[in-house]
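Input: a single structure, listed below in structure tokens.
The values are calculated or read from the model by the stated rules, or taken from the named source; none is laboratory data. This one's a predicted model, so the numbers in the text were calculated from it and none came from an experiment. For neighbour counting, all protein chains shown are included, and Cβ atoms are generated from backbone atoms with ideal geometry for every residue, glycine included.
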């Protein structure tokens, strides 16, 4: 685990595992996404280590809630494995919840054809909702494109964006060729995010980026411009 800011820790993020972020508070802490999970890691040819790291983090950091930015297996596999073992509330968008509650394997895991288990969803969020965790106040942004129900979380006062697979550093962005993905939606989501004054980008993959220049990051605008060029000038 690596601390990015006081109150935000980063773990996993290697190989097929997504980045997992922990937003800490003295009361209930929140985990963002949950990685590939043990069973799925083995299916993809890896070793069952990430699930042990995840479980240890959940118990040591007093995590009671997990927020899922979207429903792909590299983000939800961990909670799929651990929900029956640990008492955890799962939060996601209403759109993604429709697939996760059914264990919709064609949506969740379209790569290897593995059977997925249903995930119990405790809370469904919408555009404009606010998640308050300790000193952090994250606004829910509906950012479709990678999937139709993808969510980004924006901490306005601290200028922190948790972007899931919508946008990555270095001018890159999420794919749009899986179920409910849409290139036009992604370009519009990137355009919206590019207008924010972002000083810290916490993406679903690739290392987090924090501005050291005192100026907002420009990589979101680069991602928007690259997406317009590559996906269509919408």
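What the table shows:
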{"quantity": "Conditions (1) farther than 29 Å from residue 159 by Cβ; (2) at pLDDT 95 or above; number of the one not met by residue 112", "calculated": "(2)"}
{"quantity": "Residue match in the range 73-82 (condition: closer than 30 Å to residue 211 by Cβ and surrounded by fewer than 24 Cβ atoms within 10 Å (Cβ to Cβ))", "calculated": "no"}
{"quantity": "Residue tally, condition assigned to a loop (DSSP other than H, G, I, E, B) and crowded, with 16+ Cβ neighbours inside 10 Å, over the range 179-192", "calculated": "3"}
{"quantity": "Failed item, numbered, when residue 71 is tested on (1) modelled with pLDDT under 90; (2) on the phi < 0 side of the Ramachandran plot", "calculated": "(1)"}
{"quantity": "Leading residue by the ranking (surrounded by the fewest Cβ atoms within 10 Å (Cβ to Cβ)) among those in the range 204-222 that are under 19 Å from the mean Cα position of the chain (by Cα) and closer than 18 Å to residue 143 by Cβ", "calculated": "206"}
{"quantity": "Verdict on residue 121 being surrounded by 18 or more Cβ atoms within 10 Å (Cβ to Cβ) and either assigned to a strand (DSSP E or B) or touching a residue at least 60 places away in the same chain (Cβ under 8 Å) (or both)", "calculated": "no"}
{"quantity": "Residue, nearest to residue 28 (Cα to Cα), within the range 135-162, restricted to residues that are part of a strand (DSSP E or B) and free of Cβ contacts under 8 Å to residues at least 60 places away in the same chain", "calculated": "137"}
{"quantity": "Subset of the range 66-110 (residues that are assigned to a loop (DSSP other than H, G, I, E, B) and in contact with a strand residue (DSSP E or B) (Cβ under 6 Å, 6 or more places away or on another chain))", "calculated": "68, 69, 70, 88"}
{"quantity": "One residue from 87, 17, 33 being crowded, with 24+ Cβ neighbours inside 10 Å and either farther than 28 Å from residue 209 by Cβ or modelled with pLDDT of 90 or more (or both)", "calculated": "33"}
{"quantity": "Unmet requirement for residue 104, which otherwise passes all of (1) in contact (Cβ under 8 Å) with a residue 60 or more places away in the chain; (2) farther than 19 Å from residue 51 by Cα", "calculated": "(1)"}
